[in-house]
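These notes are about the structure you will find just below.
Each reported figure results from applying straightforward, stated rules to the coordinates on display, with no laboratory input. Quick caveat, the model's predicted, so the values are computed rather than measured. No Cβ is skipped: glycine too gets one built from the backbone with ideal geometry, and neighbour counts run over all protein chains shown.
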Amino acid sequence: MIKDLCFEIIETCPNNCMFCSSCSSIDKRKIIDFDLFKRTIDYLLEKGAYV
Ligand code: SF4
């Protein structure tokens, strides 16, 4: 059962925290593909997740 889910849709972040678990930075431009995002949300809803 999924109790909590964190979706990182973009890697860009200006904060530059020393221990960032997302490896984010101001220079990164990667954004999740919309179709992949939608398919993932649909899959989770199908499995009973609440959004
Ligand atoms: S932990 Fe990473 S994503 Fe979160 S604010 Fe810091 S640099 Fe940004």
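Here are some notes:
- Working note: 222 nm ellipticity from helices only, DSSP H runs with n ≥ 4, each -39,500 (n - 2.57), summed and divided by the residues of the chain, gives -8000 deg cm²/dmol to the nearest 500.
- Efficiency of FRET between Cys17 and Asp42 - r from beta-carbon atoms, R0 22 angstrom, step 0.05: 0.10
- Taking the Cα centre of the chain as reference, the dipole from Cβ charges on Lys and Arg (+1) and Asp and Glu (-1) amounts to some 40 debye.
- Nonlocal amide H pairs with Ser25, under 5 Å, H built at 1.01 Å: Cys13
- Distance histogram for the chain (every C-alpha pair counted, 10 angstrom bins, percent rounded to whole numbers): 22, 39, 29, 9
- Angle in degrees between helix 34-46 and the longest Cα principal axis of the chain, rounded to the nearest 10: 40 degrees
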